[in-house]
Every structure is written in structure tokens, then in C-alpha cells.
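Values quoted throughout were computed directly from the atomic coordinates according to the rules given, and no laboratory measurement underlies them. Bear in mind the structure is a predicted one, so any value in this text is a computation, not a measurement. FYI the Cβ positions are ideal-geometry reconstructions off the backbone, even for glycines, and counts take in every protein chain you see.
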Amino acid sequence: MSNKEAHWTKTRNHMWVTLAIWFFFSIVIFMFGESVNQGSFLGYPLAYYMSAQGSLLAFVILIFWFANKQEKIDDEHGYGGEREDD
Amino acid sequence: MFKGGFIQNLPKIYGLYTGGFIVFILLMAILESAGVSAANIGIMFVAFTVCIYALIGYLSRTIQVDAYYVAGRQVPTVFNGMATAADWMSGASFVAMAGGIYFGGYTYMAFLVGWTGGYVLVSTLLAPYLRKFGCYTVPDFIGTRYGGTLPRFCATLVLVLASFTYVTAQINATGTIASRALQIPFELGVWVGLISILLCSMLGGMRAVTWTQVAQYIVLIIAYLIPIFWMGNKLGNIFPHLMLGDEVQRLAALEAEYGLIKNSAADIKSAGVPGGLKYISNPHSAVPAGGMAVWKYLSLAICMMVGTASLPHILMRYFTTPSVKSARKSVAWSLFFIFLLYFSAPMLATLSKLQLMDPNLPTAIIGKSIAEVQGIPWVQNWMAVKQVFIADFNGDGILQLNEWFMRGDVVVLATPEVAGLPYVISGLVAAGGMAAAMSTADGLVLAISNCLSHDIYYKIIDPKADVRKRLIVARVLLVVIGALGAYIASMRLTGILGAVAWAFDFAMSGLFFPLVLGVWWKRANTAGAVAGILGGLTAGTAYLIYVGPKFMANTPWLGIDHLRFGIIGASVSLVAMVVVSLMTKEPSAATQKMVDDVRVPSGRAILGKQH
């Protein structure tokens, strides 16, 4: 497998992992909204909290993590150049 | 100052700007205590900030194509994040969202999840690849990846439809705010708003819009957060976002005490409630029972997420970063800056609801006598402009929860007044709302005119046009599109939010799968892309006409109403694209090689610097 293919395989897997976490915070939690809301966090009902703040915060952290990890993958395969079109 | 070292000096420049803005707020507070009237303070707030944006727009003027279309591809990560956040957060986010949560409760908050979760799709599936491509506009990518004039033309069609639906709502919002703050008629306010928008974008295109959007973000976030923290502190919560758990539970208890009564349509009609006004009938934090409620929540969130990842005026912001790496990071910063406002909106809704409902607070009105409530100055002000209404359904002279009608926008615009904050805060909020609506309108008008001038005029009509001619066409189109938007807005056709959701649905119907599969599926070809774009757009639009309350108003299928028609459009688009692609020849070796190159984050962009 060429370097290019290996890089793409890793990139693709990283994308799927990221989207799986995204799916959990955007869909799965709210599929069970009624039971999740029985729990509580900081005094807020849990599903309310996730919809108002929790999932939003999870997305912010997720995208930073995604970008950092993808940069590492790029560096490993020698694609980490900063500027490309001067 | 704007030569050479400008990019390096950005933190300093915007730091000074922020400091200057805070000094301006303090100055206004001093003027207020010296007896300057509330109306004059409002005028000064809006006029001063708009002048600053216009100045930035003038200083960023340019005669270069890549500065005009993609800000010279040198916008640093964090600043692009701020600009995207301003681009993204519209008048609807700023003015209407807290009001939506106020009336809709948990169900409405699907918008929050949708409008943030979409950025995960942007960063994983699209932004870095589109940046690597080096295109000027979104149809530029479609046109080059799939080849030929037809896909480019179809993509332009979707872009114009989605963005134009959105931009009239934004110009409408600038008009509303300008007319209220400057005390002029709405029809005139719309044109004042349009001129402010054009001042920011006409001379400098994307470069000017970028730097004004950063300035607008700073104003809007200050304007949104100050009232929340101020009100929170009045109730004894130093950091309201973490400390309103008790307040949310208190609201649930008050709802149980007062009862969430649904008024009949006949009652509302006979009482003469003005259009667009709502009353509280949904629980604030309780999750409604049943599978249909879950599906309604999820389907709305999905539409908003997928729509986010297809909206051209957002995607094009990531064309302005210096590299693929910074495009990716920039998505993260965008979401962070958006998050600051979005996680505050539910807190604002909670605080302002409590102010009105909790009998222990001096500001409460529910449960008081109607004569007394009608004597409160802010109630009188907002009643006079038909934004607030009281209907004594049971005739007992006491204000019940279901007898208090209010327009959603009032939650943001009137809360400082309701909570007894000084007027300077209301002026600040007006300036923030203006910044939010202007920045989005700017991005949208620019997206449409750039696309028409680059993809239609330069790529299809006159490929030999020189730089000067291209930029003149781009600017003329900018003015024409803006004027058209303002003209339609001045006719007041739709409410702010209905139209905003439609833009997402149009974009996801026609663009999401052609864009994503263009990067992730090598087998996707020209015929497939055309089928995907046109099939999705046609199916989505037909369904909208079928269920739209203003059109045929049929019963929605599986609860997919006019806010969610993108579900139909995007599904059809996916199926059409895959089936037609597989039925026709696979793309040429050159195209497949191009897709391989897009997937490599470093190296030259696919399209040249000047194309």
C-alpha cells in the first residue's frame, strides 16, 4: 500500500470515528430524551441540559480533537506542510 | 497600518477596537445618566457601529481578484473563526432564537443542536477538501470536479435559491432594527439597512466582508452576553450558565401551578390577537412524550445539521484560510465562537421567563390584575407597536399564563427593559442585533453575486473577460442582488424564522450529496451530479409546495412539515445521484486523479491562484 493510500485509509477511519461520536451526541441521546431527562446535571434535567449546552460543548471539543488528530496523521505521512500555494 | 504588517497586527488592532467599543458603551452610560434621551442613545449606538463597519469596508477596498473573492487566502485561523461566527449568526439567531426557546422549550432547542452539530460535518467531510481544491465559489468546485457547464449551472441555481431565501429575512431584520433604533418607517429602514450592508462589501468583496464580520462578531457577542450576566447577577448567579438549574426547576413548578393551557384558535381570533404573537403552552424543560415528538426533534436537528454543511456562504469562508490545516482548525474556532452565543440563548430564555412568571420577583406580571399590568411602561410601549397583547379569556381581570401574548423577538429586545436595566443596554442590544443581521446579509449577498459573476458570467458567458471587467460585474451584481432582496423584504412576505429554515432545506436538498460524494466517492460522475442536484431540488421544492401552509397546506407525511422538507429532497438527491452514476460511465482517469489530489492535505491547490 502506498503512502498516499495508507494516509487516506487513516483519514477515512478518523472521519468515521468522529462521526460516530457526533451521532451519539446529536441523535442517540435525544432518541431517548424522555428517560435521559430523568437524570440531572448541575440541577438541570439532563436532556434539557444536553440540548442547551452539553451536546454543543461536546461538538466544540470534538472538532478541536478531530483537527489535532488529523494534523498528526498528516505529519506521520509527510503531508504536514503549512502553506501550499505561493 | 493596513499595509504589510496588517495580518501580524490583527490581535492588536481588534484589541484596540474592542477597548474602544467598551469606552463607547461607558460614554453612552454617562450620557444617559446626564439625561440624554433613550431614543438618542439608540440612534448613536446603531449609527456609530455602522459607521465603523463602513470605514473598515472602505479601508479594505481592493482591485485584485483573489482578494475580492477569497480575501487573498491569508485570513488567520482564529479570525476566520470569528468572521464565520458572525456570518453564521443571523438576525434570527440573535433576535429570534431566545424567543423561540422561550415559547417552544425543549422541542425548539433542536435548532441549537442542529446549528452546532452541523459544523462536525463541515470539518470532517468538506471544509479541508474544498480548501485544497482552491475554488472561489461552491459551484466552482462542482463545475471542476464533475466537469462541464451543466453541473456548474445547476449548483448555481441551488446556491441562489437557498441564499436568496435567507437574505431577504436578513435584510428584513436589519430594516426592523434600523427602523426601531433610528425611529424611521420600516420601508425606509430596509433601505438604510441595505446601504449599510453594501458599504461593507462593495469595495473590498470578501476581504472587506471578512474584516467587518470580525468587528461585527465582537459587537454582537458583547451585546448578547452583558444583559445575561447582568440579569443573572441580579438573581444572585455569578455565572448564570452553570447556576440556573434551580431556576429551570422553578419554572417547571410554576408551569404546574399555573397550568399550560392551549387556547382555541377561535378564542384567539375573537380576542383579536395580532399575527405573529405567541403565548406559553409548551413546557420549558420537560421532554414531550411519544415517538412522534422524538422524530420531530431529530428530523429538525438533522435538517439543520445537513443544511449547515451545504450552505455556500459558510463553506466559502473556509476558502480564505492560508492552508488546509488552518481551514480545519478554523472550523473548530468558528464553532467555539458560535457556541458562546448559543449556550447563552437558553439561559436568556430561562431568566426572562422567570422575570415574568415568578411571583416572588418584582418584575412578575402573571397572576397580577390586568389593569395593573397594562399600566407598566414597557408593557405599554410594546403594546403600542403590537408586539405584546393581553386577552382576558376568562374575564376575571387577572392575567393568566395563556392570556399573555408576545412576539418572540421581544424576549431579546425588551428583556433589559423588563429587568429594569439602564437604557444603554437596550441600545447595545439594538447594535448587536444590527451587527448580526448585517454580517449574515453581507456574506449571503456576496455569495450570490460572487457566484453569478464568477460561475455564470466569467466561466460560462465571457471566459475572456479581464480582471477589471470581472470585478465591475461582481460589484454591479452585488448592488442588484441587494436591492432585489431589500425590495422583497420591504413587502414583508414571511416571518424571520420560517424563511431561515427553508434556506437550510433548499441547500441540503440540492448540494449536500453532490458536494460530499464529490470528495468521498470517486465513482460519482457528471450525470450523477446533475441528477442529484436537480432531483433533490425538484423533490424538495415539490414537497414544500405540497405541505407548505402558505401553499397547498396538505397534511405532512410522517410529520415532515415545511421546516423539514430537506429530508425528502436530500434522500431523493442521494438515490438519484448513486443510481445515475452507476448507470453511466465512470469518471475519466484525470478526474479520478484530481480526487486523489484533493485528499492529500499538502501540496498545490487543484485550481491555480488566478483562475
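A few remarks follow.
- Pairs of Cα atoms farther than 47 Å apart, chain B, %: 14
- Straight-line reach from B:K353: taking Cα to Cα under 30 Å and skipping same-chain neighbours fewer than 8 places apart, the lysines in range are B:K234, B:K262, B:K269, B:K278, B:K296, B:K368, B:K386.
- Rounded to the nearest 20, the Cβ-based charge dipole of chain B about its Cα centre (Lys and Arg +1, Asp and Glu -1) stands at 2380 debye.
- One way to sum up the overall shape of the range B:281-342 is the equivalent ellipsoid from its Cα gyration tensor, whose semi-axes run 33, 14, 9 Å, largest first.
- Förster radius 41 Å - calculated FRET efficiency between B:K469 and A:E76 (Cβ-Cβ, nearest 0.05): 0.30
- In the range B:406-449, the alpha-carbon atoms span a convex hull of 57 Å³ per residue.
- Here the Debye sum runs over all C-alpha atoms of the range B:360-420 as equal scatterers in vacuum, and log10 of I(q)/I(0) at q = 0.13, 0.15, 0.22, 0.28 Å⁻¹ comes out as -0.31, -0.42, -0.92, -1.41.
- Peptide B:585-598 is shielded by partner chain Cβ atoms: per residue, an average of 0 of them sit within 10 Å of its Cβ.
- Residue-averaged beta-carbon neighbours from other chains (10 angstrom radius) around B:345-356: 1
- Between helix B:496-510 and chain B there is an angle of about 20 degrees, using the helix long axis and the longest principal axis of the Cα atoms.
- Inter-label distance for B:C51 and B:Q8, nm, one decimal - labels placed 7 Å from Cα along Cα-to-Cβ: 3.3
- Relative packing of B:567-579, B:87-99, which averages over residues the other C-beta atoms within 10 Å, highest first: B:87-99, B:567-579
- Shielding by partners - mean other protein chain Cβ count within 10 Å, residues of B:333-339: 4
- P(r) tail fraction, the range B:320-474 - alpha-carbon pairs more than 19 Å apart, %: 69
- Placing +1 on the Cβ of every Lys and Arg and -1 on the Cβ of every Asp and Glu, with nothing else charged, gives the range A:3-75 a dipole about its Cα centre of roughly 140 debye.
- Lys, Arg +1 and Asp, Glu -1 on Cβ, resulting dipole of the protein assembly as shown about Cα centre, debye, nearest 20: 1940
- Taking label points 7 Å from Cα along the Cα-to-Cβ direction, B:W520 and B:L340 give a separation of 3.1 nm.
- All alpha carbon pair distances within chain A were sorted into 5 Å bins beginning at 0; the resulting P(r) in whole percents reads 3, 13, 18, 16, 13, 11, 9, 7, 6, 4, 1, 0.
- For B:I398, nonlocal amide neighbours, meaning residues 5 or more places apart or on other chains whose placed amide H falls under 5 Å from its own, are B:I370.
- Scaled against 2.2 N^0.38 Å for its residue count N, the alpha carbon radius of gyration of the protein assembly as shown is 0.94.
- Against the rule of thumb 2.2 N^0.38 Å, how large the Cα Rg of the range B:211-368 comes out: 1.34
- Dividing the Cα radius of gyration of the range B:59-188 by 2.2 N^0.38 Å, with N the residue count, gives 1.30.
- Dipole orientation for chain B: of the candidates B:L335, B:A529, B:I567, B:A529 has the Cα lying most toward the positive pole (charges on Cβ; Lys, Arg +1; Asp, Glu -1).
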